[in-house]
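Below is one structure, written out as structure tokens; the observations come after it.
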Amino acid sequence: MHHAHIDKFAYQDSLVHRLDSRVKFIVVLVFTALVISLPRTSVSILACYAVGPFAILVLAGIPLRFVFKHILLVSPFVLILALSCPLYDKTPVSVAFGPFLWNTSVGWMRCFTILGKFTVTMLALIALVSTTRFNDLLTGLQRLGLPRLLVIQLGFLYRYIFVLIDRAHRILRARAGRRLRRLKFRAELKIAASMLGSLFIRSIDAAEHINIAMQARGFDGNWRTLSKLQIRRCDLFFLLAAVVFMLGIYFFLKPILL
Amino acid sequence: MPKAIEIESFSYKYPDGTTALSDITLSVEAGARLALIGPNGAGKSTLLLAMAGFVKGTGKVLIDGLEINKENLKKIRTRLGCCLENPDDQLFMPTLFDDVAFGPLNMGLEAEQVKQRVAEALQTVGLAELGDKAPHHLSAGQKRAAAIATILSMAPKIITLDEPDGSLDPRNRNNLVKLLKDLPQTLIIATCNMNFAAAIANRAALLDKGRIIAHDDARELMSNSELMTEHGLEVPHTIWQGDM
């Protein structure tokens, strides 16, 4: 079955792809923290911050259509939150953007800030996962001190989420193939519970088999991998450029634009 | 000939009390390619698990001269590679390279040796270029080959394979036959596909209702149409056409 893998461009080769996963992860983490910490009146600063991940995505050759499609896919939750802001805060406020000036409410400002922050942080996150192989990211996280057990769990999640989705699709298809009439809500609920139960039992069964496969290959509780991570000069240069970009906007552009 | 596997009066019951294997006595010579044939639910998979020490019953199981017990288990698992029915269970790491390297790393080999073993194993199964791929990006045939590579990298003396031809198209099945026939290891292949078994095996053991019914030369056993039909099996087309 075909899946829309978010990391499908992570296997390409570019200058950005070759950067160390730890450096990219730290930059994205700091970038996200900075963007989130911006005040609600900072829509123009957000536009400046968006340039960073946007440039990385272009440099790495990630199609922007793919990027925006994935932002849209996860946007409904944020949209609900953002669009509810104008409903509960209608305090009037005047907004200036360059030579333009108009009146609006604090609720609408908050709505635009939430959407802006969401889009910019998602751009950075997609730039990270589209230019870093998940395995390198996991190794990087482990090297950065994330608990080993959590890294293993993340690895299994990434490996088996698609297998689980496939199984769920098959169960749903089998159900659809035999659904000849509309049932009452309670009956539908009962069937859905059975389907979930079946998926759960199959997952346990698969977990047992995976455990056998691991033990058969000598697994004794210690997770061993051949780490290929190495900080090079280009990684340090990227880190320096990212720091200059982020702090430059924060300390020099922010006082001018706000 | 030295014995790769010796099983004496082995019996096993499932936790609910159902008999899975009953009084199994089987001996496999080193270098043999044994097809473990039998209908669904005959106990083939359970017997393979017993050979790898995952099922503990009564009786004796010796792998390459070592009796299965707690002390020998680690050694046994470097000598006997066990390939499960579903490749998705066998391939659990984020990339194919890491999956194939998993066994050698647990054996305590040095990084360079591990890399060499991975390269050789992937080369043998024809996936040399795909080491960086994630398992969910592989086709069914590639997953099957990759699952075998995860075992080959440990260089075991014996390999057990549970329904290795499952969900493979004819081309991939033929490739698998070619690959398995070229392997120098002792092979134990559990299958319901008689043509597949006949194409690879030189020995065969018929298992039904948890018992060994017959153990003989593969061609001899599988050409006995009366015996095969009685146990829900069929004479392979290759043998059938050869007799015509």
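Just so you know, all these numbers are worked out from the coordinates, no wet-lab data involved. This one's a predicted model, so the numbers in the text were calculated from it and none came from an experiment. With ideal geometry, Cβ positions are generated from the backbone for all residues, glycine too; neighbour counts draw on all protein chains shown.
Using a 10 Å cut-off around each Cβ, can you sort B:His231, B:His136 from fewest to most neighbouring Cβ atoms? Mind dumping the intermediate values first?
Values: B:His231 16, B:His136 19.
Neighbour counts put them in this order, fewest first: B:His231, B:His136.
Here, P(r) means the percent of Cα pairs in each 10 Å bin from 0 to the largest distance; for the protein assembly as shown it is 3, 15, 22, 20, 16, 11, 7, 4, 2, 0. Once both labels are positioned 7 Å from their Cα atoms along Cα-to-Cβ, the gap between B:Glu220 and A:Arg186 label points is 6.6 nm. Where the alpha-carbon atoms of region B:148-207 are placed on the principal axes, they occupy 28, 27, 17 Å, in descending order.
Quick one: work out Rg over Rh on the C-alpha atoms of region B:1-77, Rh as Kirkwood radius. Present the calculation step by step, with values, prior to reporting the outcome.
Numbers: Rg = 12.4 Å, Rh = 12.9 Å.
Result for region B:1-77 is an Rg/Rh of 0.96.
Only beta bridges with both residues in chain B are counted; by DSSP, about 55 percent of them are antiparallel.
Here's how it looks for A:Tyr11: its modeled amide H is under 5 Å from none belonging to a residue 5 or more places away or on a different chain. Could you state, as a whole-number percent, how many of the C-alpha pairs of chain A are farther apart than 35 Å? In whole percent, the long-distance tail amounts to 35.
Give me the percent of Cα-Cα pairs in region A:147-216 that sit more than 14 Å apart, rounded to a whole number. Distances greater than 14 Å cover 71 percent of the Cα pairs. Distances between placed amide hydrogens fall under 5 Å for B:Leu207 paired with B:Ile37, B:Gly38, B:Ile213, all partners being 5 or more residues away or on another chain. This ranking places A:Glu188, B:Glu85 by how few other beta-carbon atoms lie within 10 Å of each, fewest first, which gives A:Glu188, B:Glu85. Based on the Stokes-Einstein relation at 25 °C and a viscosity of 0.890 mPa s, and on the Kirkwood radius from alpha carbon pairs, region A:42-84 is assigned a translational diffusion coefficient of 206 µm²/s. Averaging Cα coordinates gives a centre for region B:121-145 and one for region A:235-249; these two points are 39 Å apart.
Please find the FRET efficiency linking B:Thr229 to B:Gln116, where r is the Cβ-Cβ separation and R0 is fixed at 41 Å, and quote it to the nearest 0.05.
Details: r = 49 Å, r/R0 = 1.19.
With a Förster radius of 41 Å, E is 0.25.
The calculated 222 nm mean residue ellipticity attributable to helices in chain A amounts to -23500 deg cm²/dmol, summing -39500 (n - 2.57) over DSSP H runs of n ≥ 4 and dividing by all residues.
Please arrange B:Ser27, B:Ser139 by how many other C-beta atoms lie within 10 Å of their C-beta, fewest to most. Kindly include the intermediate steps, with their values, before the conclusion.
Numbers: B:Ser27 14, B:Ser139 10.
The most exposed by this proxy come first: B:Ser139, B:Ser27.
A Cα-only calculation for region B:108-244 places Rg and Dmax at 17.1, 56 Å. According to the Kirkwood relation over distinct C-alpha pairs, the hydrodynamic radius of chain B is 18.4 Å. Percent of Cα-Cα pairs more than 15 Å apart in region A:1-110, please. Beyond 15 Å sits 76 percent of the P(r) for region A:1-110. Look at where the Cα atoms of region B:169-199 and of region B:223-239 average out, and the two centres are 18 Å apart. Mean partner shielding of peptide B:73-79, defined as the number of other chain Cβ atoms within 10 Å of each residue Cβ, is 2. For the protein assembly as shown, the cysteines with no partner cysteine C-beta closer than 4.7 Å are A:Cys48, A:Cys234, B:Cys82, B:Cys83, B:Cys192.
Could you tell me the convex hull volume per residue, in Å³, taken over the Cα atoms of region A:54-199?
Numbers: hull volume 34.4 nm³, N = 146.
So the per-residue Cα hull volume is 236 Å³.
Quote the FRET efficiency, to the nearest 0.05, computed for A:Ser84 versus B:Lys178 with a Förster distance R0 of 60 Å and r equal to the Cβ-Cβ distance. Efficiency at R0 = 60 Å is approximately 0.45.
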